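*Asks:* Below is a structure I'd like to ask you about.
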Amino acid sequence: MKDIYTVAHTHWDFEWYFTRQEARVQFIFHMDEVLEALETNQLDYYTLDGQMSIIEDYLALFPEKEVEIKKFVTAGRLFIGPWFTQIDEMTTSGESIVRNLKIGITEAKALGGVMRVGYLPDSFGQGQDMPKIYQGFDISHALFWRGMPREANARYFYWSSNDGSKVLTANIKNGYYAGVELVEQNQFDELAEKISTQTPSETHLLPVGGDQRAVDFDLKQRISLANQESEEATRFIESNYPVFFKSLENESEKLPELSGEFIEPSDSKIHRGIYSSRYDLKQVYDRLERSLTYQLEPLSVVAANHGIPVKQGLITSLWKIVARGQAHDSAGGCNSDKTNQDIYLRGVNGLQEAQSCVDYLLRKLSISLNHGQDNQVFLWNPLPFELTTIRKVALSTKTATFSLVDQKGQPVEVELLSQKRENAALLRRDPEAMSDEHYYVSEVAIECTLPSMGWLCFTVEETTVSVPQLTKATELENDWYVIQLKEGKLNLYSKELKKWYHDFLWFEDSGDEGDTYDYSPAFNDWFLKLDFSQHNQAMVEQGDLISRMTIEGEWALPFDLCSRKEQVTDGTVSYTMVLECNKQTNLIDVHLTLDNQVLDHRLRLMIATKTKAVVSTSDTPFGIIKRPIEEKHLPDWKEIGYKEEPTSMRPMLHLANLHDEKESWSFLTRGTKDFQVIDGERQQLAITVFRGVGYLGRPDTLRRPGDASGLQTKVVPTPDSQLVGTVVFEGSLVLDEFFDSQKLQTNYLETTQEALDYQTQELNRFTTPIQYFPVNPKSLIEDPRGKVTIDELTVVFSSLQATIDGTGIELRLYNPTDVAQTAPGKLSFDAPTEVKLLNLEGKVIDSVSENVTTLPMSAFKPGEIRTYGIFFNQKEME
């Protein structure tokens, strides 16, 4: 008997070519129909798209409906959660995914129960780490549509991760809208055959719903008719996802096991070009992720050690902003301009709140520790391990000359990077009428070793001796590199590898006749190699701590696709690029500011290597992935029926890498998510800076023939997606002898620790937007119960946060490799501690140790994610 479990649902894009506000109006009326259908038993079950954000919006307007929703959720008829929003899996960090699920599950449980199904029916590709993430939330079942490789030949299977986790998975090959045919057509046997291919199972799934689809009140009647007219061996059953999976488990021995990511455009479009769409959105949400994960959350733990309570409500609110910005359409930027404006503004508002909270905590802690309110600068390290680094700090001083002294009275090495004279006097229309209350704002570099979850304090003293400054030079140099600009080309010498790399960095510009879903080459393309031969100004500044090269100029480019076809350079993009090195690390920081005045083009940073790599490498939410440089189906994708060209454009979260047994080149990103390896005489790591296009969707592009993506019958211009105006691109290059994913993630982590300082001074009341307002110092006695230090770490730090109930600390680490880490490091505590193992939801799953001050960590399995719950012994402290 072929049992077809028919599931009523809606797929609700809470924003797309319409805004969140417009969709919310539609949803409040939709919910009336859902509740009516359940109350009148016209439907037995209904699934609200696996995401809580739409329900939160609804209940914010109609809180009285909570009782009715709870009634049906508790009764097992209305299915909600587990997500807060349906993420884009390929560009969302591991911690963001965890927070998204954690918030969604918490909110669903508050309304009566959560559907523990990894439900992502429309995400543009499936990440390799999802099974172990799901298992971390006690989710044993998953469902998706897009990405299955044709070779898999499976509809139902066990999907496994490298740590041994696996989830029973349904690939809805015919889409989440397949069941609409049950309601609107009478070819029931044909439908049953269509949705039961590529599996030996007799249990099948038929989702009945679609994008913002109204409730099908006649579903019972249609099921009854289908059962009357279908073959005797076929039975349609009104059901829900948990019941379907329970039935499928009975056939588990028939099902194959598959692993890895699924990003093939076999059954549907996968939109690999979306990784580079709307760089401005990706950049702002990447910044917000970094601010929350690596600054605000751990700094809140440090502040709590000093008696300042964790503002969990604000932190959760900010994670919701992140989650809304990382829904699959929102993250992709494949939306109307008005929608993208909304997404961008939410991200900016979130950044303002996150940064203001960091600023407040730095100030509160610093002024409270500075008992005499002397002119001191505090540098903070919220992370649970020691950092030896070069910190850039802005100091406000009465004189242009000053020095720093540590708490032992010893001078501190400081280097002046820039200085500006300011006047604190009352403003006057005539500047000459202002009194002279001048002071200086100086950006300085400070070499320091910061203790874990701690701080250093330096006293600022006015002197008559000039602060050491950068000096003019002809080439940039530190302990790892020499970088030269010669005849418009950049040459690099690696002291570690003893190799020259001539013309190692340039930019490539090409046409983009795609849309907000996908990059696609222009039909009459013209690729331009952009070097620095026409630069207007170049300057090298050398110091003991910091060295930098600044190049300014303009690139002449085709203004639009017509000019590109004619190979006319009638447009310009002006640029300022800064390459910076410091004494403590082998990173080369890249900061590029552009004034883009050109349309329909893609700009990429090109890094020329000497590698002979066979794969590209990048990071995933909790791991590392190797992908072929060229896809095997690139030559025959049309013949085998792929929906788009499987171009080897690749996603990254924090890093992209190209390595062989002799050298390893990496790019650590601060916003961009797209890269590609260009094979040839010199392999190149191509990092997309940005791309500009003018339409939501276009039909019949070179990479994606056929109907337009998104809306097939309406042209939606998106002039904002051309990204005309200022574009800022940041990241770091790293050249190593060997590839080491843990080291690279540590390098990346260090780049997130900027601006964690505070100077106690009265000259400048505008160092931050909230500095103007007075704040009372607090009597602080450091509580060692919150102090954790990790030594000899060989796995990757992921996060440090307070437990939701505030009784302890959650510390998450992971092994990104497929090899066990037998000596992952040790944890040290400043007071006796109880350590437990938690799952990703924060539930205790095992006890590790009690009343310890040191804990050598046990071996990490390949790919393991481990969350420690650290609870300090209250009685011992009392």
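The values are calculated or read from the model by the stated rules, or taken from the named source; none is laboratory data. It should be emphasised that the depicted structure is a prediction, and the values quoted were computed from it without experimental measurement. Every residue, glycine among them, receives a Cβ derived from its backbone with ideal geometry; neighbour counts consider all protein chains shown. For the accessible areas, the whole protein counts, side chains as well, though only heavy atoms, and no ligand, DNA or RNA atoms are used. Shrake-Rupley method; radii C 1.70, N 1.55, O 1.52, S 1.80 Å.
*Asks:* What does the convex hull of the alpha-carbon atoms of region 2-268 project to on average, in nm²? List each step's numbers first, then the result.
*Replies:* Working: hull surface 54.0 nm².
For region 2-268, the mean projected area of the Cα convex hull comes to 13.5 nm².
*Asks:* Here's something else I'd like to know. Strictly over 23 Å apart at the Cα level, which of Lys2/Lys71; Lys132/Lys861; Lys132/Lys843; Lys472/Lys610; Lys565/Lys638; Lys529/Lys632 would you flag in this model?
*Replies:* Working: Lys2/Lys71 33 Å; Lys132/Lys861 12 Å; Lys132/Lys843 16 Å; Lys472/Lys610 31 Å; Lys565/Lys638 26 Å; Lys529/Lys632 28 Å.
Check vs 23 Å cut-off fails for Lys2/Lys71; Lys472/Lys610; Lys565/Lys638; Lys529/Lys632.
*Asks:* Using per-residue counts of other Cβ atoms within 10 Å, averaged over each peptide, order 411-419, 308-316 from highest down.
*Replies:* On the way: 411-419: 16.8, 308-316: 15.2.
By packing density, highest mean first, the sequence is 411-419, 308-316.
*Asks:* Nearest 500 deg cm²/dmol is fine: what mean residue ellipticity at 222 nm does the chain get from its DSSP H runs of n ≥ 4 alone, each adding -39,500 (n - 2.57), divided by its residue count?
*Replies:* -6500 deg cm²/dmol
*Asks:* Ok, one more. Would you pull out the residues with amide H under 5 Å of Phe385's amide H, same chain only if 5 or more places away, H placed 1.01 Å from N?
*Replies:* Met453, Ile790
*Asks:* Continuing with this model, one more query. Tell me the carbon and sulfur percent of the accessible area for region 739-810, rounded to whole percent, probe radius 1.4 Å.
*Replies:* Details: 1840 of 3420 Å².
About 54 percent, which is the carbon plus sulfur part of the accessible surface.
*Asks:* Across 10 Å bins from the origin, how do the percents of Cα pairs in region 788-872 run, short distances first?
*Replies:* 18, 54, 26, 2
*Asks:* Given the options Phe245, Ile809, Leu733, identify the residue whose Cα lies farthest towards the positive end of the charge dipole of the chain (+1 on Cβ of Lys, Arg; -1 on Cβ of Asp, Glu).
*Replies:* Ile809
*Asks:* Counting just the Cα atoms, what span does region 476-752 cover along each of its three principal axes? Round to the nearest Å and put the largest first.
*Replies:* 61, 41, 34
*Asks:* For region 376-467, compute Rg over Rh where Rg is the Cα radius of gyration and Rh is the Kirkwood radius from the inverse mean 1/r over Cα pairs.
*Replies:* 1.09
*Asks:* With the alpha-carbon atoms as the only input, what is the per residue convex hull volume for the chain in Å³?
*Replies:* Spread over its residues, the Cα hull of the chain gives 186 Å³ apiece.
*Asks:* Also: Show the residues, 5+ positions off or on another chain, whose built amide H is closer than 5 Å to the amide H of Leu490.
*Replies:* Asp503, Phe504, Leu505
*Asks:* How large is the Kirkwood hydrodynamic radius of region 455-498, counting all unique pairs of alpha carbons, in Å? Numbers along the way, then the final one.
*Replies:* On the way: mean 1/r = 0.0710 Å⁻¹.
About 14.1 Å, per the Kirkwood formula over Cα pairs.
*Asks:* Which value results for Rg/Rh of region 279-354 when Rg is the Cα radius of gyration and Rh the Kirkwood radius based on the inverse mean 1/r? Let's see the in-between values first.
*Replies:* Numbers: Rg = 13.7 Å, Rh = 12.9 Å.
Dividing the radius of gyration by the Kirkwood radius yields 1.06.
*Asks:* Next up: What order, most packed first, do the peptides 280-287, 398-405 have when packing is the mean number of other Cβ atoms within 10 Å of each residue? Walk me through the numbers before you get to the answer.
*Replies:* Numbers: 280-287: 23.0, 398-405: 16.0.
Top to bottom by mean Cβ count within 10 Å: 280-287, 398-405.
*Asks:* Across region 320-331, in residue order, what do the Karplus-derived ³J(HN,Hα) couplings come to in whole Hz, using 6.51 cos²θ - 1.76 cosθ + 1.60 with θ = phi - 60° and x for Gly and Pro?
*Replies:* 5, 4, 4, 4, 5, x, 10, 4, 4, 6, 4, 5
*Asks:* Let me know the charge dipole size of the chain about its Cα centre in debye, to the nearest 20, where only the beta-carbon of Lys, Arg (+1) and Asp, Glu (-1) is charged. Mind dumping the intermediate values first?
*Replies:* On the way: 87 positive and 131 negative charges, 166 e Å.
Around 800 debye, computed over the chain.
*Asks:* Which net charge results when you count Lys and Arg as +1 and Asp and Glu as -1 among the other residues whose beta-carbon is under 14 Å from that of Tyr279?
*Replies:* Values: positive: Arg278, Lys282, Arg287, Arg602, Arg604, Arg670, Lys673, Arg691; negative: Asp280, Asp286, Asp512, Asp674, Asp720, Glu730.
Its environment carries a net charge of +2.
*Asks:* Over region 177-334, with every protein chain in place, what whole percent of the accessible area is carbon and sulfur at 1.4 Å, could you tell me? Display every interim value, and only then the final one.
*Replies:* On the way: 2470 of 5310 Å².
Accessible surface attributable to carbon and sulfur in region 177-334 totals 47 percent.
*Asks:* For q values of 0.17, 0.19, 0.23 Å⁻¹, compute log₁₀ I(q)/I(0) with the Debye formula on a Cα-only model of region 597-685, without solvent.
*Replies:* Each listed q maps to, in turn, -0.80, -0.95, -1.18.
*Asks:* Can I ask one more? For region 132-138, in order, what is each residue's ³J(HN,Hα) by Karplus, 6.51 cos²θ - 1.76 cosθ + 1.60 with θ = phi - 60°, in whole Hz (x at glycine and Pro)?
*Replies:* Values per residue, Gly and Pro as x: 6, 5, 4, 4, x, 10, 6 Hz.
*Asks:* Read phi for every residue in region 163-170 and hand back ³J(HN,Hα) as whole Hz from Karplus 6.51 cos²θ - 1.76 cosθ + 1.60, θ = phi - 60°, with x for Gly and Pro.
*Replies:* Residue by residue, region 163-170 yields 8, x, 5, 8, 10, 6, 10, 10 Hz.
*Asks:* Whose amide H sits under 5 Å from the amide H of Tyr519, counting only residues 5 or more places off or on another chain, with H placed in the peptide plane?
*Replies:* Under 5 Å from the amide H of Tyr519: Gly273, Ile274.
*Asks:* Quick one: accessible area per residue over region 788-872, 1.4 Å probe, rounded to a whole number of Å²?
*Replies:* Working: 3240 Å² over 85 residues.
On a per-residue basis, 38 Å².
*Asks:* A further question on this structure: What is region 719-878 by shape, rounded, prolate or oblate, if you read a ≥ b ≥ c off the alpha carbon gyration tensor as root eigenvalues and call it rounded for a/c under 1.5, prolate for a/b larger than b/c, and oblate otherwise?
*Replies:* Working: a/c = 2.13, a/b = 1.16, b/c = 1.83.
It comes out oblate by the Cα gyration axes.
*Asks:* Set Lys and Arg Cβ to +1 and Asp and Glu Cβ to -1, take the dipole of region 743-878 about its Cα centre, and tell me which of Thr822, Pro856, Leu744 lies farthest positive.
*Replies:* Result: Leu744.
*Asks:* For region 579-627, rounded, prolate or oblate, judged on the Cα gyration tensor with a ≥ b ≥ c (square roots of eigenvalues), a/c < 1.5 rounded, else prolate if a/b > b/c?
*Replies:* Working: a/c = 1.85, a/b = 1.23, b/c = 1.50.
Taking the square roots of the gyration eigenvalues as a ≥ b ≥ c, region 579-627 is oblate.
*Asks:* Given a 1.4 angstrom probe, what's the average accessible area per residue across region 279-354, in square angstrom?
*Replies:* Details: 1930 Å² over 76 residues.
I get 25 Å² per residue for region 279-354.
*Asks:* To continue, here is another question. May I ask you to give the solvent-accessible area per residue for region 476-752, in square angstrom, as obtained with a 1.4 angstrom probe? It would help to have the intermediate numbers written out before the result.
*Replies:* On the way: 10000 Å² over 277 residues.
Per residue, region 476-752 has 36 Å² of solvent-accessible surface.
*Asks:* For Val689, what is the net charge nearby, where nearby means another residue's Cβ is under 9 Å from its Cβ and Lys, Arg count +1, Asp, Glu -1?
*Replies:* Values: positive: Arg602, Arg604, Arg691; negative: none.
Spelling it out: positives minus negatives among the neighbours equals +3.
*Asks:* A further question follows. Compare the Cα positions of Ala433, Ser165, Thr672 along the charge dipole of the chain (+1 at Cβ of Lys, Arg; -1 at Cβ of Asp, Glu; about the Cα centre) and return the one farthest towards the positive end.
*Replies:* Of the options given, the answer is Ala433.
*Asks:* If Rh is defined by the Kirkwood formula over all Cα pairs and Rg also comes from Cα, what ratio Rg/Rh do you get for region 420-566?
*Replies:* Here Rg/Rh amounts to 1.13.
*Asks:* Still on this structure: With a sphere of radius 13 Å drawn around the Cβ of Val405, what net charge do the other residues whose Cβ falls strictly inside it have (Lys, Arg +1; Asp, Glu -1)? Show your work: numbers first, answer last.
*Replies:* Details: positive: Lys408; negative: Asp374, Asp406, Glu413, Glu461, Glu462.
That works out to -4.
*Asks:* Next question. From the gyration tensor of the Cα coordinates in region 71-151, what semi-axes in whole Å does the equivalent ellipsoid have, largest first, with each one equal to sqrt(5λ)?
*Replies:* On the way: eigenvalues 107, 41, 22 Å².
So the three semi-axes of region 71-151 are 23, 14, 10 Å.
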